[in-house]
Amino acid sequence: MTTGSAGPVSGLPVKVTRYQVVRRLTRAAAHSDAQLIAEAAGLAEGWAVLADLMGGVVCSTPDSAGPEGVRVAAHPQLYPQLTIRKMAGAVLVVRPGTALPSSRIDLITRTCVDLLRMRARARREEDTHHAEQRLHTAVLHLLLSGQPHLATDVLGTAATHATVFRLSGKLVHAAYQTHWRAAQPSVSPQVPRMLVCMEGSELVVVALHGLDQGRHVARPVVARIAARHQLAGGVSDPLPLDMVATAWAEAGNARHSATSGCLASATFLGSHGLLGVVPAGRLARWSAAVLKPLNREQHRTLEAYLRSGSAQAAAAVLDVSEGTVRARLRWIGTLLAAELDTPTVQAQLLLALRAPAPSQRVSTSARLGPDRPLPTDLLDPDDAYRWASALLRPLDKPLRIALRCWLQHRGRTAPAASELGLSRSTLTDWLSKCGRALSLDLSSATVRAELHLAAETIATPEDTPARLPRRGGRTYRGQP
């Protein structure tokens with residue numbers, strides 16, 4: 001404990017109303033406990049001491065009154081002429097002037113005690129505030145380090161998926177302090193909840209939810225934060241909790257393309273996205289039929305593989321060996337009667353994994369294959385062609401051929417450049433042009449999947465590397 005004093009109080013007017021007493025004490029309490037004790041001493045025309053129960057002086061006016069105030073607090077029965085008020089953890093002792101009536105002293109001490117209690121409560125709330133903020137950050141780090149079970153145990157939540165938002169801007173700290181309480185963990189494990197943290201110079205919001213429940217609750221809240229504080233934000237696709245690291249990267253990539261005051265989604269294709277084009281019920285039934293043979297572990301393995309792009313990366317996400325992942329994938333391919341190495345099949349499966357759950361059990365099954373990129377169970381051929389044409393309309397023929405070839409190689413630049421007869425730097429530049437023309441982030445597995453389905457839907461025999469228009473010079477390595 002420390003001893004402090006706000007200094008002597010100037011002379012008081014002869015008449016001080018009850019209203020003035022309360023107002024002066026309240027103003028003093030807004031500054032500090034020491035200022036409040038100093039004001040109480042001045043109003044009482046004597047001295048005042050706040051002592052703790054361990055016999056220490058918290059603050060006193062004047063400083064020399066501290067030891068006497070401690071003795072009075074320890075043996076109040078010996079000092080009937082003084083005013084003593086006990087509260088949780090402390091004792092207020094006031095020695096009033098002889099000219100003041102007892103009612104005035106009672107008003108001063110009661111008001112002072114009430115204000116001290118309010119300040120103590122505020123300090124406890126602030127401590128709780130900081131503890132909760134640290135909890136949010138700790139849970140985020142658990143998720144990013146691939147420990148979702150520990151994270152859910154800490155929060156007591158039944159959430160299975162997460163959507164990550166990453167925001168930056170000049171007012172990011174003000175946004176954090178203003179809005180973090182809107183996302184405090186709920187007492188009920190069934191209620192969707194959010195984590196809000198500061199990571200470096202970024203405001204991070206992680207919405208925790210089920211596969212279908214609560215996945216869209218956070219976006220309007222975060223969008224208002226971004227608009228009010230002019231922050232640029234990126235949004236990930238909803239992903240399982242053990243893939244939050246992937247969602248983190250997606251949100252970061254999307255943030256780079258966001259404008260001030262807006263959110264940009266790494267996997268949002270606007271009105272051209274299949275989740276918006278295909279009726280939700282039809283998509284849900286098809287997805288359930290496709291994934292029906294898989295159990296929960298196989299479902300998670302397949303999504304980790306498709307999202308990360310390789311068995312090695314999926315093994316790190318699932319915390320198993322690469323050989324285990326490959327063995328699981330072979331069995332999954334057998335159960336689905338599909339070639340998992342086929343880019344079109346991979347795109348179809350990722351679409352199925354992102355679809356909402358059906359409202360009722362599905363008894364039928366569905367088959368996958370490259371012969372029809374968009375099965376007729378989802379869209380009839382004419383609707384599928386219109387969707388794909390609208391999505392890829394901003395691309396000219398060379399860019400469309402290059403993009404299709406790159407997608408067929410599952411986003412690998414070197415083999416795609418070799419087949420196209422381009423240098424890798426040229427193909428990289430063309431892919432950047434595709435991303436800008438489509439306003440999409442090509443690093444997203446979801447975006448690549450839908451673009452692949454669109455490219456294959458409208459592909460003609462002319463859309464091959466051999467038919468790529470040649471301009472001469474060093475742009476192309478081979479000949480048509």
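The values are calculated or read from the model by the stated rules, or taken from the named source; none is laboratory data. Note that the coordinates shown come from a computational prediction; the quantities given were computed from them, not determined experimentally. Neighbour counts run over all protein chains shown; Cβ positions are idealised from the backbone, glycine included. Ligands, DNA and RNA are excluded from the accessible area calculation, which covers all protein heavy atoms including side chains. Shrake-Rupley method; radii C 1.70, N 1.55, O 1.52, S 1.80 Å.
Some notes on this structure:
- Taking all protein chains together and rolling a 1.4 Å probe, residue 143 ends up with roughly 0 Å² accessible.
- For the chain, with all protein chains in place and a probe radius of 1.4 Å, 52% of the accessible heavy-atom surface sits on carbon or sulfur.
- Between the helical axis of 322-336 and the longest alpha-carbon principal axis of the chain there is an angle of about 60 degrees.
- Matching label, percent of Cα pairs over 40 Å apart computed from the structure shown, candidates [x] 44; [y] 12; [z] 23: [x]
- Each peptide in 377-383, 103-109 was scored by the mean count of other Cβ atoms within 10 Å over its residues; highest first, the order is 103-109, 377-383.
- When you restrict to C-alpha pairs under 8 Å that are six or more residues apart and normalise by the size of the chain, the relative contact order lands at 10 percent.
- Against the main long axis of the alpha-carbon atoms of the chain, helix 397-408 sits at an angle near 80°.
- Per residue value of the accessible surface for the chain (all protein chains in place, 1.4 Å probe), Å²: 49
- Antiparallel %, DSSP beta bridges [both residues in the chain], to 5: 90
- Calculated mean residue ellipticity, 222 nm, the chain: -16000 deg cm²/dmol, from DSSP H runs (n ≥ 4) at -39500 (n - 2.57) each, averaged per residue and rounded to 500.
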